[in-house]
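One structure below.
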Amino acid sequence: AALGCSELVMLDFAETPLFNIDRQISERFTSVKRRVLLRDIRDGEAIREVIEATRPQVIFHAAALKHVSLMEDHPRQAVETNVLGTANVARAAREFGVAQMVLISTDKAVGPVNVMGAAKRLAEAIVHAMAEEAEGPTRFGVVRFGNVLGSNGSVVPIFRSQIEAGGPVTITRPAMERYFMTVPEAVQLVLHATLEAAKNGGDPAVYVLDMGEPVKIMDMAQRLIELCAPA
């Protein structure tokens, strides 16, 4: 919206976040034409109808189930949304000649050790396969994120809420390390990947932000506890 797009189509299956982002955009970017569409990416026909009707130039595909522990307990849901849902979006994008589709993935897709990471790795494979087939004008790209600080479901807000409630702070694996990035860095990475994908034609590519050294989750939790402690 800040870059002056002619129209912004926001599609989500989560009603409240969709309502909230539409309200924020309407208040901050009054001149941007926008549509909000309550749809499920698992519904292939609904996605086809939306893309045929709106004819977007670029699709930023961020819809996914992301909580690792929940996906361990619900692997079918992870596959239906993260894998089959991605396939629905990618096929429709190619069918209706969308110029670009950028998949938002995760560093958990590298050597995945859990259901969520494996599902996102399969989503990446679908996008790569579509790019290699080179049927039609659509260019595909993949952006991998680490933990985006302050985003929905990220570890820092969870730790903070646990600390404010008096604990305990829960850590699944004390030795786990994650890369971290800010929301503005994440947005810039997506936009940069979009430009690069446009230059690279149909060649598939994965874009990863240089996030420095990984941070141990245990160290981050301890540091947050210290910062939140009364003076």
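Brief remarks follow.
- Residue in the range 173-197 that is farthest from Gln57 (Cα to Cα), counting only those that are of a type outside the set (Phe, Trp, Tyr), in a loop (DSSP other than H, G, I, E, B) and touching a helix residue (DSSP H, G or I) at 6+ places or on another chain (Cβ under 7 Å): Pro174
- Inspection of the range 158-174 finds no residue satisfying the criterion of being among the hydrophobic types (A, V, I, L, M, F, W, C), in contact with a strand residue (DSSP E or B) (Cβ under 9 Å, 6 or more places away or on another chain) and either open to solvent by less than 50 Å² (accessible area, probe 1.4 Å) or more than 20 Å from Leu227 (Cα to Cα) (or both).
- Count of the range 66-103 residues which are surrounded by fewer than 20 Cβ atoms within 10 Å (Cβ to Cβ), aliphatic (A, V, I, L, M) and not in a helix (DSSP H, G or I): 1
- Residue count, the range 27-65 (criterion: assigned to a loop (DSSP other than H, G, I, E, B) and either loosely packed, with under 15 Cβ neighbours inside 10 Å or among the hydrophobic types (A, V, I, L, M, F, W, C) (or both)): 12
- Scanning the range 109-144 for residues that are open to solvent by 50 Å² or more (accessible area, probe 1.4 Å), in a helix (DSSP H, G or I) and either modelled with pLDDT of 90 or more or within 21 Å of Glu80 (Cβ to Cβ) (or both) yields a count of 2.
- Restricting the first member to the range 163-178 and to residues that are more than 12 Å from Ala221 (Cβ to Cβ), and the second to residues that are open to solvent by 50 Å² or more (accessible area, probe 1.4 Å), the beta-carbon pairs closer than 6 Å and six or more apart or on different chains are Glu177/Lys216.
- All of (1) modelled with pLDDT of 75 or more; (2) surrounded by fewer than 17 Cβ atoms within 10 Å (Cβ to Cβ); (3) within 14 Å of the chain's Cα centre (by Cα) hold for Met181 with one exception: (2).
The values are calculated or read from the model by the stated rules, or taken from the named source; none is laboratory data. The model shown is predicted, which means the values in this text are computed figures rather than measured ones. Quick reminder, even Gly has a Cβ in these numbers, built from the backbone with ideal geometry, and neighbours come from all protein chains shown. Ligands, DNA and RNA are stripped out before the accessible areas are found, and what is left, the full protein with its side chains, is counted by its heavy atoms. Shrake-Rupley method; radii C 1.70, N 1.55, O 1.52, S 1.80 Å.
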